[in-house]
Amino acid sequence: MKKMLAAATMALSIGTSGLAIAEPLKIGMITTLSGGGAGLGIDTRDGFMLAIKNSGNKEITVVTEDDAQKPELAVQIADKMIQSDNVDVLTGIVWSNLLMAVVPGAVAQGKFYVSTNAAPAALAGKNCNALYFNAAYQNDNLHEAMGEYANKGYKKMFILAPNYPAGKDALTGFKRYYKGELAAEIYTQVGQTDYAAEIAQMRASGADGIFTFLPGGMGIAFMKQFAQSGVKIPVMGPGFSFSQDVLPAIGDAALGAKASGQWVQDLGNPANKKFVADFKKEYNRLPSIYAVQAYDAAQLILSAASKASVKDAKAFGAELKKADIQSPRGKFKFNTNQHPIQDIYLTEVVKLDGVLTNKTVEKIFTDHGDAYAKDCKI
């Protein structure tokens with residue numbers, strides 16, 4: 001009788017575990033698939049879906065919609081996904097102003113949000129939430145790395161970013177580590193495409209270096225105009241300013257540009273070699289930093305879903321926080337505020353087999369966290 005009872009208990013345990021593993025999971029992806037930021041959202045979608053495909057998990061459904069880079073539209077989509085589509089997890093937003101519009105309402109309705117990119121300071125400190133995870137970084141991080149790098153030879157920097165949460169975090173992060181003088185600190189319009197006035201300011205500033213955070217179409221427009229201007233001041237930025245999605249459009253004007261990233265396509269770990277090869281095979285192009293962040297976000301969700309039911313928020317969140325994945329970045333773990341602790345590298349734009357890409361130059365930070373985790377009381 002005892003043996004029969006033990007066997008029954010074991011069978012029940014296995015059955016319950018199996019139900020958790022095989023439980024259907026619906027993910028709502030809100031990302032930018034049209035307009036000047038479309039390349040970022042396309043890489044986000046493609047990196048995420050590659051991880052889903054590679055997992056072979058047939059119980060995962062991904063519902064994808066275009067936010068057109070509009071906060072009000074992102075909120076409408078999120079509400080529809082939560083209330084009508086009954087999604088379990090939200091993800092995919094590229095832009096911090098859109099994320100700030102969506103996340104508070106999503107977590108208030110008991111939904112997990114796993115960010116593939118946007119990581120505003122406002123959600124990393126005292127306003128952190130147990131249902132909000134960031135699989136990318138904290139907004140300041142890559143800019144902090146470039147501030148540290150600029151200390152090595154630049155005494156007077158001109159710094160520039162769009163006037164929205166990520167732009168403000170960018171320049172805050174740069175200034176946190178940079179010890180030299182600022183020639184100017186300029187905030188431009190989001191989506192701006194004419195930088196003649198700013199380039200004229202750069203020319204007259206006396207700066208010996210320029211730091212820009214201009215993702216997507218903004219960076220393409222700036223770099224083309226800067227190259228045509230004849231101004232001979234070195235330009236540097238975070239990996240987003242020279243990421244794989246924009247390099248073909250910028251062209252040779254980007255060659256030699258220094259940037260920072262928590263991932264580079266030439267990292268030699270096995271997970272990265274597989275990711276780069278799989279992405280090239282699937283999409284016939286090199287992946288960008290947006291693709292790898294989304295790939296890891298999907299891996300995190302898949303890992304948690306294999307071990308806990310999303311209906312049990314405490315258990316699912318605990319599994320997410322374990323970060324039990326093989327990241328193409330190499331080392332990856334979550335800080336106490338559920339943002340990554342990771343290495344950050346200096347990169348340089350080069351041509352490889354005729355294709356513009358980034359190569360690793362050196363490591364700037366090892367196991368780098370963020371400045372806001374101390375204020376998070378999860």
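Ordering 62-72, 78-88 by mean Cβ neighbour count within 10 Å, with the highest value first, yields 62-72, 78-88. Residues whose amide H comes within less than 5 Å of that of Met236, counting only those at least five positions distant or on another chain, are Ile210, Phe211, Thr212 (H built at 1.01 Å from N in the peptide plane). By the rule of a C-alpha distance below 14 Å, with chain neighbours fewer than 8 residues away ignored, the aspartates and glutamates paired with Lys232 are Asp208.
Restricting the calculation to Cα atoms, segment 232-378 shows an Rg/Rh of 1.02 when the hydrodynamic-style radius is the Kirkwood one. The angle between the Cα long axis of helix 71-83 and the longest principal axis of the Cα atoms of the chain comes to about 10 degrees, rounded to the nearest 10.
Just round it to a whole percent: the fraction of Cα-Cα distances in segment 205-274 exceeding 19 Å. Above the 19 Å cut-off, segment 205-274 has 35 percent of its Cα pairs.
What's the whole-number percent of alpha carbon pairs in segment 244-329 lying beyond 22 angstrom? Above the 22 Å cut-off, segment 244-329 has 40 percent of its Cα pairs. Would you mind checking which residues have amide H under 5 Å from Asp343's amide H? H placed 1.01 Å from N; only 5 or more apart, or other chain. Amide H neighbours of Asp343, under 5 Å, 5+ apart: Asp367, His368.
Pairs of lysines in segment 282-378 whose Cα atoms sit within less than 20 Å of one another amount to 22, provided the residues are eight or more positions apart or on different chains. In this calculation the C-beta distance from Glu362 to Ala197 is compared with R0 = 30 Å, giving a FRET efficiency of 0.30. Ignoring aspartates and glutamates fewer than eight residues from Lys224 along the same chain, the ones with Cα atoms less than 17 angstrom from its Cα are Asp194, Glu198, Asp245, Asp252. Only lysine pairs 8 or more places apart, or on different chains, with alpha-carbon atoms under 29 angstrom apart are counted in segment 78-211, and they number 17. Where the alpha-carbon atoms of segment 132-218 are placed on the principal axes, they occupy 44, 31, 15 Å, in descending order.
What the phi angles of segment 283-288 give under the Karplus curve with 6.51, -1.76 and 1.60, with θ = phi - 60°, is a coupling list of 10, 6, 7, 6, x, 10 Hz, glycine and proline written as x. Our helix-only sum for the chain, with -39,500 (n - 2.57) per DSSP H run of n ≥ 4 divided by its residues, gives a mean residue ellipticity at 222 nm of -13000 deg cm²/dmol. Whole-Hz Karplus values for segment 117-125 come out as 7, 3, 8, x, 4, 4, 9, 9, x Hz, taken residue by residue from phi with 6.51 cos²θ - 1.76 cosθ + 1.60 and θ = phi - 60°; glycine and proline positions read x.
Using C-alpha pairs under 8 Å with a sequence gap of at least 6, the mean separation divided by the residue count of the chain gives a relative contact order of 19 percent.
The accessible surface of the chain, taken with every protein chain in place and a 1.4 Å probe, is 54 percent carbon and sulfur.
One quarter of the surface of the convex hull around the alpha-carbon atoms of the chain equals 19.7 nm², the direction-averaged projected area.
Excluding ligands, DNA and RNA, what is the solvent-accessible area per residue of the chain at a probe of 1.4 Å, expressed in Å²? Mind dumping the intermediate values first?
Numbers: 15310 Å² over 378 residues.
Counting only protein heavy atoms, the per-residue value for the chain is 41 Å².
Nearest 0.05, what FRET efficiency do Asn269 and Leu352 give at R0 = 30 Å with Cβ-Cβ as r? According to the calculation, E is roughly 0.95.
The values are calculated or read from the model by the stated rules, or taken from the named source; none is laboratory data. Keep in mind it's a predicted model, so treat the numbers as computed, not measured. Glycine gets a Cβ as well: all are built from the backbone with ideal geometry, and neighbour counts include every protein chain shown. These area figures cover heavy atoms from the full protein model, side chains too; ligands, DNA and RNA do not enter into them. Shrake-Rupley method; radii C 1.70, N 1.55, O 1.52, S 1.80 Å.
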